[in-house]
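The block underneath contains the structure these notes are about, expressed in structure tokens.
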Amino acid sequence: MAKAKTIFYCTQCGNETPKWQGRCSACGAWNTITEQPASAAADSKKRGTAAFAPVGKARRPQPIAEVEASDELRFHTGMSELDRVLGGGAVKGSLVLVGGAPGIGKSTLMLQICDNLCQFAHVLYVSGEESERQIKLRAQRLGIRSEGLFLFSETNLEEIVAAVEEQKPEILIVDSIQTIYNGDSNASPGSVAQVKECTMTLMHLAKGMGITVLVVGHINKEGSLAGPKVLEHMVDCVLHFEGEEHNSYRILRAAKNRFGATNEIGVFEMGEQGLSEVPNPSEALLSGRPQDTPGSCVTCVMEGVRPVLAEIQALLTPSAYGNSRRSSNGFDYNRAMMLSAVLEKRGGLTISNCDFYVNVIGGLSVDEPAADLALVVALASSFRDKPVPYDLAAIGEVGLTGELRAVHAINQRLSEVRRLGFTKCLVPARSSGKLIVPEGLTLIRITTIREAIAALI
Ligand code: TYD
Ligand code: MG
């Protein structure tokens, strides 16, 4: 009898090899190669490709004119901040992956949206982390209306699929993908092979049965979703739930969205009663801003289509032993270094022998050039120990020669700045379109950072 063919694959990264190896040649992990009959591997591959095919549809190429293109069916989750990040509500039959650090509030968010969803849909909440009793206690504490909500504490994928096929929910929540395993595979739960396999199966359920699936995912040390990058390619939306340990604000950010714009953010606050929405993030992020203190400047960044005010802080102190220390939190480190070099060379402030620390308040991460000017102003203000006027905001991109460049969406930014009570705004002298200056706001137009420093500090 012919010997059954087997293949070897890495349980960490999924790489296949024809022979057993002690160390995976693709990801470098030790002792992760396992053997599997070739037929089983082929089966799982077949399941994988079918995941994207809607059940019962003819499979042949179609002319684009004949493709049905009615708008996606969307429904509101009951949390408008989440709806905004999803591009105007959750799409029927889509798979959304929500990632975040432990304790950030992923399970709480999932449970809270059930409150509204179960009013009009049949929701199945599968948890591999908590028992039904634990979930019920939490739901009671959060005051979740729960008719139409079914709980299932299970980690075996087959059991979950069977429950979904029997119950036919419209919405399926899985918390978390790393705890679910497929008994057919010998990889351990949470390993790349398992996570991939389970996501494929959930994708198949979403597309085949038209179920909206929300999946919670853990993140690894580097802050990306634990699992292969291919996971993010497979699913329809990837949302990151972020926040700082000692701060009650939580930011939900779309990293990928097949049904809407990315870079939209939703802002929440974690309190006694779970998560509450923050419809006015600028106000929340600026609350508690120090008055008459050097080293702080407010700017306006665009988070998707929404202007949000952010406070940028800088602290400069003389370095000990001629060895300067620099760190940046919430502002791109390399950009902060570049701006400090520009400030030294073109702004004429000798800051190279200072330690410096940059921080963006409220756990916001700023990666827009429009925030450059505010950082330069905050650095100069800390260096000279002179506060920036409390009612002044600064918007503008800074170039390597110290020149100021126009930014997009300036009018929206200006009206947000005015809405929050600012009366002065530092802007680049040139703008890309016609400026509409809100009443009560005085613009200070500048061409170089030297002018900015001369005007303020
Ligand atoms: P959880 O949703 O369990 O986090 P995750 O699923 O992302 O790991 O949230 C747990 C944290 O949230 C916990 O540290 C306590 C805090 N929390 C509150 O502050 N208020 C609340 O009402 C709830 C439910 C949780
Ligand atoms: Mg959890």
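The values are calculated or read from the model by the stated rules, or taken from the named source; none is laboratory data. Since we're looking at a predicted model, the values are computed, not measured. Heads up, the Cβs are rebuilt from the backbone with ideal geometry, glycines too, and the neighbour counts pull from every protein chain shown. The protein model used for the area step is the full one, side chains on, heavy atoms only, and it has no ligands, DNA or RNA in it. Shrake-Rupley method; radii C 1.70, N 1.55, O 1.52, S 1.80 Å.
Among the residues making up segment 277-290, a single one is touching a strand residue (DSSP E or B) at 6+ places or on another chain (Cβ under 8 Å) and of a type in the set (Ser, Thr, Tyr): Ser282. Listed by first and then second residue, the pairs linking a residue in segment 399-425 that is over 25 Å from Leu286 (Cβ atoms) to a residue that is open to solvent by 60 Å² or more (accessible area, probe 1.4 Å) and in a helix (DSSP H, G or I), with Cβ atoms under 6 Å apart and 6 or more places separating them unless they lie on different chains, are Gly402/Arg346. Output yes when any residue across segment 371-384 is open to solvent by 50 Å² or more (accessible area, probe 1.4 Å) and assigned by TED's automatic domain parsing to the domain that holds Met337, and no when none is. There is at least one residue in segment 371-384 that is open to solvent by 50 Å² or more (accessible area, probe 1.4 Å) and assigned by TED's automatic domain parsing to the domain that holds Met337. Pairs meeting the criteria (first residue in segment 98-112 and touching a residue at least 24 places away in the same chain (Cβ under 8 Å), second residue more than 7 Å from ligand 1 (Cβ to nearest atom) and basic (Lys, Arg), beta carbons under 7 Å, at least 6 apart or on different chains) are Ile104/Arg250; Gly105/Arg250.
Scanning segment 68-82 for residues that are more than 21 Å from His204 (Cα to Cα), in contact (Cβ under 8 Å) with a residue 24 or more places away in the chain and not hydrophobic (A, V, I, L, M, F, W, C) yields His76, Thr77, Gly78, Ser80, Glu81. Under the condition of being touching a strand residue (DSSP E or B) at 6+ places or on another chain (Cβ under 8 Å) and over 14 Å from Lys106 (Cα atoms), the residues counted in segment 249-276 number 12. Segment 264-380 holds strands (runs of 3 or more DSSP E) entirely within its bounds, and those carrying 3 or more residues that are among the β-branched types (Val, Ile, Thr) map to 296-303, 306-318. Of all the criteria given as (1) closer than 17 Å to Pro294 by Cβ; (2) surrounded by fewer than 17 Cβ atoms within 10 Å (Cβ to Cβ); (3) touching a Lys or Arg at 6+ places or on another chain (Cβ under 9 Å), the one not satisfied by Met337 is (1). State whether one or more residues within segment 406-423 are within 22 Å of Leu315 (Cβ to Cβ) and buried (at least 18 other Cβ atoms within 10 Å of the Cβ). The answer is no, given that none of the residues of segment 406-423 is within 22 Å of Leu315 (Cβ to Cβ) and buried (at least 18 other Cβ atoms within 10 Å of the Cβ).
Applying the set (1) in a loop (DSSP other than H, G, I, E, B); (2) surrounded by fewer than 19 Cβ atoms within 10 Å (Cβ to Cβ) to Glu165 leaves exactly one unmet item: (1).
The listed residues are Ala69, Ala40, Ala26, Ala50, and the only one of them that is modelled with pLDDT under 85, touching a strand residue (DSSP E or B) at 6+ places or on another chain (Cβ under 7 Å) and either open to solvent by less than 40 Å² (accessible area, probe 1.4 Å) or away from ligand 1 (no atom under 16 Å from the Cβ) (or both) turns out to be Ala26.
Which of the residues that make up segment 160-177 are at pLDDT 90 or above and either within 25 Å of the chain's Cα centre (by Cα) or within 16 Å of ligand 1 (Cβ to nearest atom) (or both)? Across segment 160-177, the qualifying residues are Ile171, Leu172, Ile173, Val174, Asp175, Ile177.
Residues checked against (1) within 16 Å of ligand 2 (Cβ to nearest atom); (2) farther than 17 Å from Ser381 by Cβ; (3) surrounded by 12 or more Cβ atoms within 10 Å (Cβ to Cβ):
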residue: Glu272; (1), (2), (3): no, yes, no
residue: Pro281; (1), (2), (3): no, yes, yes
residue: Glu303; (1), (2), (3): no, yes, yes
residue: Leu315; (1), (2), (3): no, no, yes
residue: Pro318; (1), (2), (3): no, no, no
residue: Arg325; (1), (2), (3): no, yes, no
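In segment 257-280, is there at least one residue being touching a Cys at 6+ places or on another chain (Cβ under 6 Å) and closer than 26 Å to His204 by Cβ? So far as segment 257-280 goes, yes, one or more of its residues are touching a Cys at 6+ places or on another chain (Cβ under 6 Å) and closer than 26 Å to His204 by Cβ.
Among residues that are open to solvent by 30 Å² or more (accessible area, probe 1.4 Å), within 16 Å of ligand 1 (Cβ to nearest atom) and more than 24 Å from Val91 (Cα to Cα), Gly183 is not included. Restricting attention to segment 287-301, and to residues there that are open to solvent by 20 Å² or more (accessible area, probe 1.4 Å) and either assigned by TED's automatic domain parsing to the domain that holds Phe241 or not basic (Lys, Arg) (or both), which single residue is farthest from the chain's Cα centre (by Cα)? Among them, the one singled out is Asp292.
The residue that is farthest from ligand 2 (Cβ to nearest atom), among those in segment 120-158 that are surrounded by fewer than 19 Cβ atoms within 10 Å (Cβ to Cβ) and among the aliphatic types (A, V, I, L, M), is Ala121. Name the residues in segment 266-296 that are at positive phi and in contact with a helix residue (DSSP H, G or I) (Cβ under 6 Å, 6 or more places away or on another chain), would you? Across segment 266-296, the qualifying residues are Gly274, Gly295.
Does Val195 fit the bill of being part of a strand (DSSP E or B), away from ligand 1 (no atom under 16 Å from the Cβ) and surrounded by 15 or more Cβ atoms within 10 Å (Cβ to Cβ)? Spelling it out, it is not the case that Val195 is part of a strand (DSSP E or B), away from ligand 1 (no atom under 16 Å from the Cβ) and surrounded by 15 or more Cβ atoms within 10 Å (Cβ to Cβ).
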